[in-house]
1. Work out the FRET efficiency for Lys261 and Glu225 from their Cβ-Cβ distance, taking R0 = 22 Å, and round it to the nearest 0.05.
2. Just the accessible area for Cys35, please: 1.4 Å probe, Å², rounded to the nearest 10?
3. Starting from the Cα-Cα distance between Glu254 and Val330, subtract it from 0.36 nm times their residue separation and give me the gain in nm to one decimal.
4. Can you tell me how segment 94-177 classifies by the Cα gyration tensor, rounded, prolate or oblate, using a/c under 1.5 as the rounded cut?
5. Which order do Tyr382, Tyr452 take when ranked by solvent-accessible area (1.4 Å probe, heavy atoms of all protein chains), largest first?
6. Given segment 230-334, what whole percent of its Cα pairs are spread farther than 15 Å?
7. Starting from the Cα of Leu68, step 7 Å toward the Cβ, then list every residue of segment 23-52 with an amide N under 16 Å from that point.
8. Kindly sort Asp53, Asp442 by accessible area of their heavy atoms, largest first, with the probe set to 1.4 Å.
Amino acid sequence: MWFARLASDRVLRARPCDGPFALTLKRANADRLYCLNRAAEAQNLSRGMTFADARAFCPDLLSQPANLTEDRRFLHVLRRWATRYCPWVGLEGDDGLVLDITGAAHLFGGESAMVADMYQRLKRAGITTRIGLGDTRGAAWALAHFGAGEAAPGQPLAALGRLPVAALRLDDKTTTALQRLGLRRIIDLEKAARAPLARRFGPDLMMRLDQALGRQPEQVTPLAEPPHYGVRMSLPEPIGLFDDVMAGTSRLLEQLCTKLKTNEAGARVLELTLRRVDQEAQTVELRLARPLRDAQRILPLFTRGVGEVESGYGIDQLRLEATQIEPLPVRQLSHVSSGRADQLDDLISRIGTRIGLDNIQRFLPADSHIPERSFLIAAAAYSEPEGPWIPPRPRPQRLFAPEPIAGDGSRPPKHFRWRRMPLTVARATGPERIAPEWWLSDDNWRSGLRDYWRIETQQGRRLWLFYTPQSPGWFVQGEFI
């Protein structure tokens, strides 16, 4: 199955377009056409043409950048869909699938009926395709790209003889060299002497010819299905006690964690589904601060969720599934390793089950000398602590928006009033001049330079003041605790 317009069909399925449309990809320092729809090809546009030339030929051309990652994902979706016809489905390059339908065609009324069903379903989905059917993988590829579609059983040469030598999946250099020798069709290559061709072009040329004609086998390697991280337990008698449910969950966790460990993965989100005898189901979702595969650490985190479950007339089935998986490679352990990080992660997970993981936050250092920009606030479950956090000068533990104060004219002021409190300065340290970052737009720093002072008052307050020379004024921005 060859999807000649895979990328453009994927985009146009979401946003149909009746006019010329093309996807562009930057190659050789220029934007070039990567995939076109039928209307664009009717305007004599072709792949590889520069986008500037294409717009000159077709001013009405609509375009957008290509997304190779999404195209690859879409091809995998089509591969999964094709398994409805046979279990042996593999990828053929970046725009095709190869199916081994041996023993499966009779389920659809024969090979011709199967191919017709493929065409009908893909056309209904808005996907352009060409299907080749042959005794060998090479013959099917040649017929899909260059032929009529089907070959009579046992007669590959009759179906492939008139096709160009490019149908043998040869590179452009070899194809051009064969055409210069007068070997333009597969039948011409078959009639030529093999030894001189093998010496000149190597064994790959004869191998491709023999694979297409069935003299040399070529297997179809299907993609392995991704592992499914789900386990289930059906009970002969319903249960309803908390301890019984936790015991069943413990057994499921052991099986699931074994599978996770085998694939060097860790669960980030777990769902425990409890089915009652009245066919109603309740789900307990557990979100973890870090990917885990340790059953002893995960089981206590289910305590709160399982305790809120209404068992009704009893629970007869438990199902545990890891819905979000992350890589978790094996770590080297040593005598100096500590479990403090694991304890903190478990604490974050336990609190997160109550208030949500996104509500547990930590401060991270940022590369900026501006006080307001010197830190970031991130969710603790989705970030790692960074350190050491060493500011150039001591910074207050409490930082707030600048609050203007009225001083007595001295620098720094000896007497001032802040938040309706009269304060007297006992000790002052400074100034520390901080200049604004001109490459960032910040309305709070448009006034220019700031001279910061650390103030200790006789009343016990330790404040962070700054003075603006451009527009004279004093402000309080933080407090040391």
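The values are calculated or read from the model by the stated rules, or taken from the named source; none is laboratory data. None of the values given here were measured: they were computed from a predicted structure. Cβ atoms come from the backbone with ideal geometry, glycine included; neighbour counts cover every protein chain shown. Only protein heavy atoms, including side chains, enter the accessible area calculation; ligands, DNA and RNA are left aside. Shrake-Rupley method; radii C 1.70, N 1.55, O 1.52, S 1.80 Å.
1. The value I calculate is 0.70.
2. Answer for Cys35: close to 0 Å² accessible.
3. Between Glu254 and Val330, full extension yields 25.6 nm more.
4. Oblate shape, in that a/c is at least 1.5 and b/c is the bigger or equal ratio.
5. Descending accessible area places them as Tyr382, Tyr452.
6. Details: 3258 of 5460 pairs.
Of all Cα-Cα pairs in segment 230-334, 60 percent lie more than 15 Å apart.
7. What the label zone holds, given the 16 Å backbone N cut-off, is 23-35, 48.
8. Asp53, Asp442
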